[in-house]
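Engineer: After the structure tokens below, expect a handful of questions from me.
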Amino acid sequence: MGLEDLGQMMAGMETYRDQHLLVGYDTSDDCGVYALSEEVALVESVDFITPIVDDPFLYGQMAASNALSDIFAMGAVPKTALNLLMWDKKHLSKEIITEILKGGASKLNEAKVTLLGGHTIADQEQKYGLSVSGIVHPKKIWRNCTAQVGDALVLSKPLGTGIIATALKNGKLELKADCDAVVSMCQLNQIASQMAQEFEIHACTDITGFGLVGHLLEMCAHDKGASIFVEKIPLFDGVVDWISKDVIPNGTRENYAFLKQKIKTSLDFSQVIACFDAQTSGGLLFALPQNQAHMLVERLRFGGYEQSEIIGQMTKRDQEAIELL
Ligand code: CO
């Protein structure tokens, strides 16, 4: 949800809340959840991003998939959305903006989400995203902080969108709509979320701006730890190469600088940096019993998340929360 910084800034502030609040902003979960009745809870999230690629339709698709993702990460069903458009009128024509919105709409249609409206404002830097509302049964919410020691960790999409996007932005890589990272950023986490409903999911989150390590740390709340088998982590085509050429986004370097003291590893920087890469529309990370993990991976692969993998497990916390093996 990107509320970690906001959460810090709001710490100690008194904000109104009533007894229907189920998930607030204090645990950095993917969405806020509010009970409407004993059977239905409202799930809300908002996300907008600057352009990732130089193709307005694809950018619109990525922004929408990214915004919807937090709802799927709660195990919820998205129902309605509002467009949020910050329009860089100096550089982008109305035709281009229409393409961005069309890209977003195509993903809402695919997810069967009703667009209710939106808001536009002129801005010096282009941004687009959505505010999304969904529903979930109050007893079936997937939190990010409720994993159990011994759980297997399953990741549904490869890592490296930040690195690929940087290679594209620097003109080192040519944009192709069928390149695996681009396809993945446009791919909804919807089917993964639906398929996982059949399993005993203890915790779930989606991998976005704070990278795998940042979001896994949220999963390690209440003094839990995690071990990650770095070699098992799927990466997009070319990511290893770009890392060796030092094509690494600033956001990823910042994640590394900020989080490196929370990890234990004997691997070097180039081997672990992908674990810190800031993702756009990244995959879902599930914590579930070991004996169900292989079946979930099989299902996810069948559902179009071909590189799904068991990447590690939850542990009792050592000195550092996360061990990269
Ligand atoms: Co999220």
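The values are calculated or read from the model by the stated rules, or taken from the named source; none is laboratory data. In this text, all values refer to a predicted model and were calculated from it rather than measured experimentally. Virtual Cβ from ideal backbone geometry, glycine too; neighbours counted across all protein chains shown. Keep in mind that these areas ignore ligands, DNA and RNA; they rest on the heavy atoms of the full protein, side chains included. Shrake-Rupley method; radii C 1.70, N 1.55, O 1.52, S 1.80 Å.
Engineer: If I filter the range 29-46 for residues that are assigned to a strand (DSSP E or B), open to solvent by 20 Å² or more (accessible area, probe 1.4 Å) and either closer than 28 Å to Ile163 by Cβ or charged (D, E, K, R) (or both), do I get at least one hit?
Structural biologist: yes
Engineer: For the subset of the range 271-325 comprising residues that are more than 18 Å from the chain's Cα centre (by Cα) and among the charged types (D, E, K, R), which member is most open to solvent (accessible area, probe 1.4 Å)?
Structural biologist: Lys316
Engineer: So is Gln19 away from the ligand (no atom under 14 Å from the Cβ) and part of a loop (DSSP other than H, G, I, E, B) or not?
Structural biologist: Working: away from the ligand (no atom under 14 Å from the Cβ): yes; part of a loop (DSSP other than H, G, I, E, B): yes.
Taking the combined requirement at face value, the residue satisfies it.
Engineer: Would it be correct to say that Phe48 is within 16 Å of the ligand (Cβ to nearest atom), aromatic (Phe, Trp, Tyr), at pLDDT 95 or above and closer than 14 Å to Gly129 by Cβ?
Structural biologist: Values: within 16 Å of the ligand (Cβ to nearest atom): yes; aromatic (Phe, Trp, Tyr): yes; at pLDDT 95 or above: yes; closer than 14 Å to Gly129 by Cβ: yes.
Judged against the criteria, Phe48 is a match.
Engineer: Taking the residues in the range 222-238 that are out of contact with any strand residue (DSSP E or B) (no Cβ under 9 Å at 6 or more places or on another chain) and touching a residue at least 40 places away in the same chain (Cβ under 8 Å) as candidates, determine which candidate is surrounded by the fewest Cβ atoms within 10 Å (Cβ to Cβ).
Structural biologist: If we filter the range 222-238 for residues that are out of contact with any strand residue (DSSP E or B) (no Cβ under 9 Å at 6 or more places or on another chain), which is where we start, we get 222, 231, 237-238.
From what's left, touching a residue at least 40 places away in the same chain (Cβ under 8 Å): 222, 237-238.
Details: His222: 9, Asp237: 12, Gly238: 19.
The extreme case among them is His222.
Engineer: Tally up the residues in the range 139-154 that are buried (at least 16 other Cβ atoms within 10 Å of the Cβ) and either over 19 Å from the mean Cα position of the chain (by Cα) or not basic (Lys, Arg) (or both), please. Explain how you work it out, then say what you get.
Structural biologist: Initial filter on the range 139-154 (buried (at least 16 other Cβ atoms within 10 Å of the Cβ)): 141-147, 151-154.
Those left that are additionally either over 19 Å from the mean Cα position of the chain (by Cα) or not basic (Lys, Arg) (or both): 141-142, 144-147, 151-154.
Going through the range 139-154 one residue at a time, the tally reaches 10.
Engineer: Still on this model: When only residues in the range 215-233 that are closer than 10 Å to Ala321 by Cα and either away from the ligand (no atom under 16 Å from the Cβ) or of a type in the set (Ser, Thr, Tyr) (or both) count, which is farthest from the chain's Cα centre (by Cα)?
Structural biologist: The residue in question is Asp223.
Engineer: Considering the range 170-191 alone, what residues qualify as being within 21 Å of Val297 (Cβ to Cβ), more than 15 Å from the ligand (Cβ to nearest atom) and part of a loop (DSSP other than H, G, I, E, B)?
Structural biologist: Correct list: Gln187 only.
Engineer: Quick test for you: out of Phe236, Phe199, pick the one residue that is away from the ligand (no atom under 16 Å from the Cβ), in the same structural domain as Leu288 (by TED's automatic domain parsing), touching a Leu at 6+ places or on another chain (Cβ under 6 Å) and not aliphatic (A, V, I, L, M).
Structural biologist: That would be Phe199, the only listed residue that is away from the ligand (no atom under 16 Å from the Cβ), in the same structural domain as Leu288 (by TED's automatic domain parsing), touching a Leu at 6+ places or on another chain (Cβ under 6 Å) and not aliphatic (A, V, I, L, M).
Engineer: On to the next question. Wholly within the range 192-273, which strands (runs of 3 or more DSSP E) include no fewer than the required count, namely at least 2 residues that are in contact with a Ser or Thr (Cβ under 9 Å, 6 or more places away or on another chain) and either under 18 Å from Glu309 (Cα atoms) or modelled with pLDDT of 95 or more (or both)?
Structural biologist: 203-206, 224-228
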